[in-house]
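Here is the structure we will look at.
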Amino acid sequence: MRLYKFKMLLPVFIFAACSGPGNISSTSPDATIAELRKNISYLADDKLEGRRTGTPGELLAMNYIINQFKQAGLSPKGSQNYIQAFEVNDGKVMDKTVALAINGNKIETGFFIFPFSADTVVNATVPLRSQDAGDPWIFDIKTILEENKNDPHFDLADYVYKNSKKAIDRGADAVVLYNSSAIDDKLVFNGKDKSPMLNGVVLYLSRADAQKYFNNGADSVSIQIVSKLDEKKRTGHNVVGYIDNGAATTIVLGAHYDHLGYGEDGNSRNTSHEAAIHNGADDNASGTAALIELARQLKKSKATNNNYLFIAFSGEELGLYGSKYFTDHPTIDLKAVNYMINMDMVGRLNDSTKVLTIGGYGTSPTWGKVIEKEYFATKHDIKKQAPSLVIKIDSSGTGPSDHTSFYRKDIPVLFYFTGLHTDYHKPSDDADKINYTGEQTIIAHIMQLIEKLNKEPRLTFAKTRETQTTTSARFSVSMGIMPDYTFAGTGVKADGVSDGKPAQKAGLQAGDIIIELGGYHISSMESYMQTLGKFKKGETVKVKYIRGGKTLETSVSF
Ligand SMILES: [Zn+2]
């Protein structure tokens, strides 16, 4: 992300003079820290098994948040009490009716249909090497596996898809694949495969059955296939609470509370082969605890010119499902929303740099007037010239978290984030690594911002440039680096490098700044993502990067 440099505005004292009798936030820092500790410890406990959307751990977290909202004095504002349930598409499964019979013998196990197969019924008796339109075509993948066994870029899944498509386009009614070689093809049913659907069925048959029916000396074979795929669904739950001040406008505060469970959804960076609970203390028990704390404080606040809506989102880690569902099925009038504040990963403030990143800065001209580059929590800090927070600004209204869904509805947003770290999306993101004092400072900052805006007219919305929001899923290739979103210079700085991925294989390390990729100049996160979109699996391109002030070059193979 590109960070906006801007002029420091002088009256920092407006924020600072909050300790006298005019103080409207009534909660002491120590009380806040104790609350944060209690809530993060619960949400990031092993008992919740990583709060994966649609699991018992998510329900435990949901009930806990409902209780905290009740205790804070929020009224319910979900579609059913405090809860707003929504469905998450969990890929595909084979329907129970899927069946295969060869020469009249029902095959029970050892076969599967590929997830890009059409729903269809095939019933044919064909010569074993038929390539006639309307027949099933049978292929042994032995030769292709043997030819490519030393090619690290060979992608069998890709080969299977493309060649099945070719066969079906030429009229094959079905494609039956088997592997008679000694090479492990590792082909399994993958419900998350998003390849476009084909007009016929593609089926994998085990080596044993292929041997039995295709290598028995017969010239022909009769095949019956029933192919049918279902969408697998699970249910996620947003938790929604409300402070009704009878105002015309409402401020939305949000944080996602779901996390990765044991990493079953493929979004973990766990490098060990053992499944482990991902507690997600920073991501995002920290934001959820901040949300609960803000509910407590805003219920007592005298800033009553807006109503407040608090949403703990689920389904974020799977692709902002909860916030998208809410903005498509709002329980309040979205046109009455003044602005939205999202907190995602606010528990790792660095005590030496004090850097807090605030995204969404460009979504309203008001943000530029009220957000100072340096935040002083107390008068004492100002005298010592030591800011409690050093704020880095990102203009974009979009990003890898739930504020994006509100920005898309033309609502001004802010996104609070203390930065990526080596425990990000790993089982080691634990509660004992949270900077509770730092998080308390961030909450105080948000409180003061809201109170400062209380008497301001409604914010106007402004469109910003787009940031690519999602993971490598949209691209056919990825480098395997964790970008440092707080990096303000030119290029993309790696905060971490994933084991076994192209960047690591090319010798790149954490701290390296990528400035050129395949001849394309990399100025920002944006241009980096755009450039990645130009390459295909198997390509090798030159990378220019800066390490320790020197410009170096290597090659990366996708
Ligand atoms: Zn996350």
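The values are calculated or read from the model by the stated rules, or taken from the named source; none is laboratory data. Owing to the predicted nature of the structure, the values given are computational and were not obtained by experimental measurement. Every residue, glycine among them, receives a Cβ derived from its backbone with ideal geometry; neighbour counts consider all protein chains shown.
Computed values, structure above
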{"item": "Residue among Gly399, Gly360 that alone is in the same structural domain as Gly438 (by TED's automatic domain parsing), within 16 Å of the ligand (Cβ to nearest atom) and under 28 Å from the mean Cα position of the chain (by Cα)", "result": "Gly399"}
{"item": "Within the stretch 206-235, considering residues that are within 26 Å of the chain's Cα centre (by Cα) and modelled with pLDDT under 90, the one farthest from Ala312 (Cα to Cα)", "result": "Glu231"}
{"item": "Hey, Leu291 at pLDDT below 95, within 16 Å of the ligand (Cβ to nearest atom) and within 25 Å of the chain's Cα centre (by Cα) or not", "result": "no"}
{"item": "Elements of type strands (runs of 3 or more DSSP E) contained in the stretch 109-214, each with 3 or more residues being of a type in the set (Lys, Arg) and touching a helix residue (DSSP H, G or I) at 6+ places or on another chain (Cβ under 7 Å)", "result": "none"}
{"item": "Test result for Leu298, more than 22 Å from His237 (Cβ to Cβ) and either buried (at least 24 other Cβ atoms within 10 Å of the Cβ) or within 11 Å of the ligand (Cβ to nearest atom) (or both)", "result": "yes"}
{"item": "Residue count, the stretch 333-360 (criterion: part of a helix (DSSP H, G or I) and either closer than 30 Å to Ala431 by Cβ or among the hydrophobic types (A, V, I, L, M, F, W, C) (or both))", "result": "2"}
{"item": "Some residue of the stretch 112-121 being assigned by TED's automatic domain parsing to the domain that holds Asp328 and at pLDDT below 95", "result": "no"}
{"item": "Selection status of Asn238, modelled with pLDDT of 95 or more, assigned to a strand (DSSP E or B) and under 25 Å from Gly419 (Cα atoms)", "result": "yes"}
{"item": "So Asn238, is it under 26 Å from Tyr407 (Cα atoms), crowded, with 17+ Cβ neighbours inside 10 Å and either more than 20 Å from the chain's Cα centre (by Cα) or more than 16 Å from the ligand (Cβ to nearest atom) (or both)", "result": "yes"}
{"item": "Lys324 in contact with a helix residue (DSSP H, G or I) (Cβ under 7 Å, 6 or more places away or on another chain) and either closer than 21 Å to Lys192 by Cβ or not assigned by TED's automatic domain parsing to the domain that holds Ala72 (or both)", "result": "yes"}
{"item": "Selected residue [out of contact with any Cys (no Cβ under 7 Å at 6 or more places or on another chain) and either loosely packed, with under 13 Cβ neighbours inside 10 Å or assigned by TED's automatic domain parsing to the domain that holds His237 (or both)] from Asp151, Asp135", "result": "Asp151"}
{"item": "Residues satisfying the stated conditions in the stretch 301-332, i.e. within 16 Å of the ligand (Cβ to nearest atom) and in a loop (DSSP other than H, G, I, E, B)", "result": "Ser314, Gly315, Glu316, Glu317, Leu318, Gly319, Leu320"}
{"item": "Filter result for His278 (modelled with pLDDT of 95 or more, within 12 Å of the ligand (Cβ to nearest atom), in contact with a Leu (Cβ under 8 Å, 6 or more places away or on another chain) and farther than 22 Å from Lys77 by Cα)", "result": "yes"}
{"item": "Residue list for the stretch 393-441, filter: assigned to a helix (DSSP H, G or I), more than 21 Å from Val337 (Cβ to Cβ) and either touching a strand residue (DSSP E or B) at 6+ places or on another chain (Cβ under 8 Å) or of a type in the set (Asp, Glu) (or both)", "result": "Asp432, Glu439, Thr441"}
{"item": "Count of residues meeting criterion [among the basic types (Lys, Arg) and under 21 Å from the mean Cα position of the chain (by Cα)] in the stretch 51-92", "result": "3"}
{"item": "The listed residue being modelled with pLDDT of 90 or more, part of a loop (DSSP other than H, G, I, E, B) and surrounded by fewer than 19 Cβ atoms within 10 Å (Cβ to Cβ), out of Glu466, Glu456", "result": "Glu456"}
{"item": "Single unsatisfied condition, Gly368 versus (1) surrounded by fewer than 20 Cβ atoms within 10 Å (Cβ to Cβ); (2) under 26 Å from the mean Cα position of the chain (by Cα); (3) not in a loop (DSSP other than H, G, I, E, B)", "result": "(2)"}
{"item": "Pick from the stretch 241-262, criterion buried (at least 20 other Cβ atoms within 10 Å of the Cβ) and part of a loop (DSSP other than H, G, I, E, B), ranking: nearest to the ligand (Cβ to nearest atom)", "result": "Leu260"}
{"item": "In the stretch 65-108, the residues that are part of a loop (DSSP other than H, G, I, E, B) and more than 22 Å from His256 (Cα to Cα)", "result": "Asp95, Lys96, Thr97, Val98, Asn103, Gly104, Glu108"}
